[in-house]
Amino acid sequence: MIAIDVRKQLGPFTLDVRFQADSETVVLFGHSGSGKSLTLAAIAGLLRPDAGSIALNGRVLFDVARRIDVPPQRRRLGYVVQQLALFPHLSASANIGYGLGGWRRADRQRRVDELLALLSLQGLGARVPHQLSGGQQQRVALARALAAPVEALLLDEPFSALDEALRADLRTELLRLRRELRIPVVFVTHDLREAYLLADRIAVMDAGAVLQFARREDVFRRPASRRVAELTGVSNVFAGHGDGEGRVVVAELVLRATSDGAAPRGDVDIAIRAERCNVRRFDPAGVLPENCYVADIVADLAFGNTHTLRFAPVGPGPAVEVEMASRPYEVLGIAGRTRWVVELPADDLHVMPR
Amino acid sequence: MTNPAARYGRSLTPSLASVFATPALLLALFVAVPLVALAARSVNDGEVLDRLTTPFVLHALRLSLVTSTLTLGLALVLGVPAAYLLARARIPGRRMLVLLVELPMVLPPTVAGVALLVAFGRRGLIGGWLADRGLEIPFTTTAVVLAQLFVATPFLVRTLQAGFESVDSLYERVSATLGMSPLRTFWRVTLPLARPALLSGAVLCWTRALSELGATLIFAGSFEGRTETMPLAIITAFESSAGLSGAVALSLILLAVALALLLVVRVAIRQQPLDAA
């Protein structure tokens, strides 16, 4: 269990972070400069907060009020920095065994061999860092951080320097490791897909603050605010008005919204992810079902396996972006027509108080 | 990892090479000719080899080796921490301290000798206080070491400071998160990463100490077996009846020592596990 609640003023920038997690993976997600790395540095003891406290498994690592500030070397954390910082003068094995200074030689050797095997680095122990590939360096850094018994693992964009194929491998490896380790993992990334894949919980960070801390599904489906929705890649956020009974008016169109059970009243923001919107054939003689409206395609961006369609409303209703897999795109014959009916399913409309 | 220099090699434009070759060759000759002359003279002059083993030469050689090595040891003990602080600490007056370190490098050694004498001399600033307690420094072997320390330490400190500055402090922070105390981090990470600077700084310091003349002459005098180091002995020999032959013998020894040292250090630096990355 890790609990952090700290504040730090750095010039005009205020870091104000609070969250806690059990033996699960927390992803700190946000743009660069949002304070993710600073948060890790504070947990690791490399950045001294102005106020607040940090506790790990009931052990207080930092507490301004009680004047506790455990130095980094006694925090028992595995920390992989973004630059990796493998010691260039030491072999991979010596890097991995670096933190095992007090161990007997034989024990240390056994532990290093164990980690080399765990991270598929057999036979590379004698190499120095610059003789290793990016992915291998990455794994050595991870092994080094895990060598001594640690109570939490902190990973700062560890895969950012790698190509996509390697990233996928290492993510899989990390998911496996996490199941074996059963310790809190705090993972920093600005990659949305990576965040979702690895996280149990996501802390969405912006300008030094945690905007939302929740289970990953909730962050994606039920963003706490317009800003969170924007940061987590929700393409459609509309301004609207709630009637307090589960209906909202957006651009003169009345929509039913049931996604959260709550029924806010007054000014609200309504979010729906592009891939949750439906497109139906337009029948001039037909009656429009609930949550449907007529719109014209104004842009069609092909991404190979998906299409992103931009719709402009013909009558009432908001302009909307719809993402569609290439198969339904072809079956429906999207390319052949301009005018369609857009459906915003009530279950996927997320209403946020403004 | 691919930098342009590596990709293009050490390429050289031929026309520029032909222009630059002449001055470069002149310089090489200018340095080589006197050294060859020294060696040739000692071979031709039968007396020279006999002189190598006289007590006078042996005393001077032993004193030079002992004092310069002591100086290097003291310089390391005092200079390594100083260099690290100058490289890392954000202290007020850091620029002034750097200036203080650099000053002895540009000061004529004779000035250093005079300064040491008025500080540690019997009527000096603290020499009087020391003399009252039975500690007289001027014209002793201690004075030789102090004179060398004064002029030679800055070479170690400045070189090593630059070396420490080039070590990314991220390594030190990572070392801390791996459970290492700051002092162990220094021994295991910072100092090894600054090894090339440490070696070249130590060599500069040691050779400067070995060749020290001006400050020693004024502060320690020239007493055989006590303060007369090799450079001083060369002057004594030169002014004696033996004349040039004596000086040649002593010079040859110093030349051999310097050459051997240079080779040892070259090998040591090349054995650095790696310098890339």
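The values are calculated or read from the model by the stated rules, or taken from the named source; none is laboratory data. Note that the structure is a prediction, hence the values are computed from the model and not measured. All Cβ positions, glycine included, derive from the backbone under ideal geometry; neighbour counts span all protein chains shown. Surface areas here come from the heavy atoms of the whole protein model, side chains and all, with no ligands, DNA or RNA. Shrake-Rupley method; radii C 1.70, N 1.55, O 1.52, S 1.80 Å.
Looking at B:S175, B:S169, B:S181, can you tell me which residue is more than 7 Å from chain A (Cβ to nearest Cβ), open to solvent by 20 Å² or more (accessible area, probe 1.4 Å) and among the small types (G, A, S)?
Details: B:S175 fails: open to solvent by 20 Å² or more (accessible area, probe 1.4 Å); B:S181 fails: more than 7 Å from chain A (Cβ to nearest Cβ).
B:S169 is the lone residue from the list that is more than 7 Å from chain A (Cβ to nearest Cβ), open to solvent by 20 Å² or more (accessible area, probe 1.4 Å) and among the small types (G, A, S).
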Check your understanding: Which condition breaks for A:Q136 when tested against (1) open to solvent by 20 Å² or more (accessible area, probe 1.4 Å); (2) within 11 Å of chain B (Cβ to nearest Cβ)?
Key -> (2)
Exercise for review: Could you check how many residues of the stretch A:147-181 are outside any loop (DSSP other than H, G, I, E, B), surrounded by fewer than 22 Cβ atoms within 10 Å (Cβ to Cβ) and within 13 Å of another protein chain (Cβ to nearest Cβ)?
Suggested key: 0
Study note, to complete from the structure: Reported set for the stretch B:187-231 where residues are open to solvent by less than 30 Å² (accessible area, probe 1.4 Å), more than 16 Å from B:Y84 (Cβ to Cβ) and small (G, A, S) is B:A209, B:G214, B:A215, B:A220, B:G221
Study note, to complete from the structure: The lone condition A:V248 fails out of (1) open to solvent by 10 Å² or more (accessible area, probe 1.4 Å); (2) touching a residue at least 12 places away in the same chain (Cβ under 8 Å); (3) more than 21 Å from A:V204 (Cα to Cα) is (1)
Review point. Yes or no: B:A60 open to solvent by less than 90 Å² (accessible area, probe 1.4 Å), touching a Gly at 6+ places or on another chain (Cβ under 9 Å) and modelled with pLDDT of 95 or more?
Key: no
Review point. Looking at the stretch B:23-55, which of the residues that are modelled with pLDDT of 85 or more and under 20 Å from B:T236 (Cα atoms) is least open to solvent (accessible area, probe 1.4 Å)?
Key: B:L38
Exercise for review: Determine, yes or no, whether A:V279 is assigned by TED's automatic domain parsing to the domain that holds A:V249, of a type in the set (V, I, T) and open to solvent by 30 Å² or more (accessible area, probe 1.4 Å).
Suggested key: no
Revision key, fill the gap. Only one of (1) more than 18 Å from A:M205 (Cβ to Cβ); (2) open to solvent by 60 Å² or more (accessible area, probe 1.4 Å); (3) away from chain B (no Cβ under 14 Å) does not apply to A:Q131, and that is (3)
Point to revise | Filter pass, A:L115 being touching a strand residue (DSSP E or B) at 6+ places or on another chain (Cβ under 7 Å), within 14 Å of chain B (Cβ to nearest Cβ) and touching a residue at least 24 places away in the same chain (Cβ under 8 Å) | key: no
Exercise for review: Being among the polar types (S, T, N, Q) and open to solvent by less than 30 Å² (accessible area, probe 1.4 Å) is the filter here, so list the residues in the stretch B:63-73 that pass it.
Suggested key: B:S64, B:T67, B:S68, B:T71
Study note, to complete from the structure: For the stretch A:50-90, the count of residues that are among the hydroxyl-bearing types (S, T, Y) and open to solvent by less than 30 Å² (accessible area, probe 1.4 Å) equals 1
Check your understanding: Conditions: (1) within 10 Å of another protein chain (Cβ to nearest Cβ); (2) in contact with a Leu (Cβ under 9 Å, 6 or more places away or on another chain); (3) open to solvent by 40 Å² or more (accessible area, probe 1.4 Å). A:G102 meets all but one. Number of the miss?
Key -> (2)
